[in-house]
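Q: I have a structure here, written as structure tokens, and I will follow up with some questions on it.
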2 protein chains.
Amino acid sequence: MNFQKQYQGYLAFFEKELKRFCAEMTHRPPVLTESMRYSLLTGGKRVRPVLFFGTLEHFGVDHTAEVGLALALECIHTYSLIHDDLPTMDNDDFRRGNPSNHKVFGEANAILAGDGLLSEAMCLLLRESARSKAHLDAARYLANAAGADGMVAGQSADLLYTGQTGGEEELDFIYSHKTGKLIAAPIVMATLLGGGDADAAERFGQALGRLFQLTDDILDEKGESVKMGKTLGKDREEDKLTCVKVYGLKRAELLADRTAANCLSLLSNLGRDDFLAAVVEFVRNRDN
Amino acid sequence: MNFQKQYQGYLAFFEKELKRFCAEMTHRPPVLTESMRYSLLTGGKRVRPVLFFGTLEHFGVDHTAEVGLALALECIHTYSLIHDDLPTMDNDDFRRGNPSNHKVFGEANAILAGDGLLSEAMCLLLRESARSKAHLDAARYLANAAGADGMVAGQSADLLYTGQTGGEEELDFIYSHKTGKLIAAPIVMATLLGGGDADAAERFGQALGRLFQLTDDILDEKGESVKMGKTLGKDREEDKLTCVKVYGLKRAELLADRTAANCLSLLSNLGRDDFLAAVVEFVRNRDN
């Protein structure tokens, strides 16, 4: 099966399950449910669930049986976007081509929508963790990757180094935590469920996360905001610590190429997989 | 043993464990660890861990073996205070007699400190849930009580009805969710671990939560800010939906007395317990 068709298959399945999950939300007051649904349902490439499903199938595990963990991944990713977009954080008015959560519902409701989504993830992870030892391990991996030793630490460092001098070491910390942890998580979680080599999965996932953030920084500098669905050029304006700032655009592009090659090399330790190899190319060449 | 001595015993034990937990936090960048520690360690009556320990002992369970769930309770309570104090939420400059988290670390770091603490709770709950079926049930109860069907919903309603007309029904929703869920949680969790009647525990816990919020609203109207460690009179100023607004101060005090009596009656369904009965009196008569 070709890459696009397989990706679209995972995507269609996940969107259907996500819609069901959102329809079953009956939190009161209505504004809480609406604000949580709004950010879950408006766009997104669903990269993390797709990586999770693709890696599960690599290990011969039926991805349709693992919706709970995929939903937890997307709830955590979405909460982080809502909080990151807040005026006091990255102050982004647009996300996935639509007004940010706080532009629609106000800041207070946006904070609570994020808190609500992280709490939903906590409930999902506890439910899934009861299914088997491997599910428990996968859930714990995600909880750790999302938290104060993972994504939250990366966002904290991102804020800290904005407008500051910082070099490769600081950039690596931001990359590996803000992005790497939650890109590696679905790959490691699926590998744990499939009985594969979790360390090899983590190395591949971290490299892929690095590639993802490299291309994100590069696209902020030279991408098209219509395709990206968000305001661009903000990194430079706000003096964010990005690969473009540290290396310059040309070297950053070379680094992205080298990282893509490294991803493919690290992937081979998990065993040949055409879909995951195509994901690497997709992330390198994306324009949104 | 008398009430004060037993309370102080639980408190001293918990403070020691909480200090150890905070000392073992090595999240980077340092500001993340510092901001999380700041709010965990500055003051607080530790009502939820104490209720948890007291109820465990009621059922003959050694409370010193259940630190993980107690820490999760306090992490969740503390994250909710940090986010609630933000300028866009309740805008409180003081908490527990000290500057609020965002007054010390800034709003962005305060949001992340809250996110980090909720994530720590998620990690703790997943760890504890692996110990037994009862631990899993207790962890799931807390996750649900904290989330979008629980405390987060209560805070959302609290915001929604600020400056609005609202009556008993709306007030009941705020009370049962914003406060009731997380006061009932330690009592229900301990009852699940002790093999008691969880429904009876929930009814007692919800009544105690109601009493807690009634006295909180009353103290905001007539308490002393030095003792409370926070700015008072803000509910009226911001036109919050409180029992004082709905019933007037005098009827609110009568309602608090009646609720305290109801607590004692509901407690009897769990079996006579001098400590928990004294907690009811303590909450009714508190001045901070």
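What follows is calculated from the coordinates using simple rules that are stated; it is not laboratory data. Only a predicted model underlies this, so the values are computations on that prediction, with no experimental measurement involved. FYI the Cβ positions are ideal-geometry reconstructions off the backbone, even for glycines, and counts take in every protein chain you see.
Q: What 222 nm value per residue comes from the helices of chain B, counting each DSSP H run with n ≥ 4 as -39,500 (n - 2.57) and dividing by all residues, nearest 500 deg cm²/dmol?
A: It lands at -22500 deg cm²/dmol.
Q: Between A:Ala277 and B:Lys19, with labels modelled 7 Å along Cα→Cβ, what's the label distance in nm to one decimal, could you check?
A: Result for the modelled spin labels: 5.9 nm.
Q: Please report, in debye to the nearest 20, how large the charge dipole of region B:3-285 is about its Cα centre when each Lys and Arg carries +1 at its beta carbon and each Asp and Glu carries -1 there.
A: 620 debye
Q: So, one more: Extending each Cα 7 Å along its Cβ direction at B:Ser132 and B:Asn91, get the distance between those two points in nm, one decimal.
A: Here the modelled spin labels are 4.9 nm apart.
Q: Give me the dipole magnitude in Debye, nearest 20, for the protein assembly as shown about the Cα centre, with unit charges on the beta carbon: positive for Lys and Arg, negative for Asp and Glu. Spell out each step's value before the answer.
A: Numbers: 66 positive and 84 negative charges, 103 e Å.
So the dipole magnitude of the protein assembly as shown works out to roughly 500 debye.
Q: Okay, next question. What is the order of B:Glu128, B:Glu24, fewest Cβ neighbours within 10 Å to most? Don't skip to the answer; put the middle values down first.
A: Numbers: B:Glu128 22, B:Glu24 7.
With the sparsest Cβ surroundings first, the list reads B:Glu24, B:Glu128.
Q: Same structure, new question: I need the shape label for region A:104-209. Rule: rounded when a/c is under 1.5, else prolate if a/b > b/c, else oblate, with a, b, c from the alpha carbon gyration tensor. Let's see the in-between values first.
A: Details: a/c = 3.10, a/b = 1.19, b/c = 2.61.
Note, shape of region A:104-209 comes out oblate.
Q: Give me B:Met189, A:Met228 ranked fewest to most by other Cβ atoms within 10 Å of their Cβ, as a rough exposure proxy.
A: Listed from fewest to most nearby Cβ atoms, that is A:Met228, B:Met189.
Q: Along Cα-to-Cβ, 7 Å out, sits the label point; list in nm, shortest first, how far the one on B:Asn2 is from those in the other copies.
A: Shortest to longest, the spacings are 8.3 nm.
Q: Let me ask something additional. Taking each label point as 7 Å beyond Cα in the direction of the beta carbon, state the distances from B:Arg131 to the same residue in the other copies, shortest first, in nm.
A: Label-point distances to the other copies, shortest first: 2.6 nm.
Q: Can you sort B:Tyr247, A:Tyr175 by how many other beta carbons sit within 10 Å, fewest first?
A: Taking fewest neighbouring Cβ atoms as first place, the list is B:Tyr247, A:Tyr175.
Q: Give me the inter-chain shielding for B:153-163: mean count of other chain Cβ atoms within 10 Å, whole number please.
A: If you average over the peptide's residues, the count of other-chain Cβ atoms is 5.
Q: Additional query: Only Lys, Arg, Asp and Glu count, each charged at its Cβ (+1, +1, -1, -1), so figure out the dipole size of region B:74-191 about its Cα centre, rounded to 20 debye.
A: 600 debye
Q: Based on the Cβ-Cβ distance from A:Gln164 to B:Lys103, what FRET efficiency comes out when R0 is 22 Å, to the nearest 0.05?
A: 0.45
Q: List the distances, in nm to one decimal, from the label point of A:Gly167 to the label points of the same position in every other copy, shortest first, placing each label point 7 Å from Cα along the Cα-to-Cβ direction.
A: Result for A:Gly167, in nm, nearest copy first: 7.0.
Q: Label 7 Å along Cα→Cβ of B:Leu41; region B:88-119 residues with amide nitrogen under 17 Å?
A: Backbone N within reach: B:96-102, B:104-105, B:113-114, B:117.
Q: Oh, and also: Specify, for chain A, the residue whose C-beta is closest to the rotation axis mapping it onto chain B, with the distance given in whole Å.
A: Its Cβ sits closest to the axis: A:Met122, 2.
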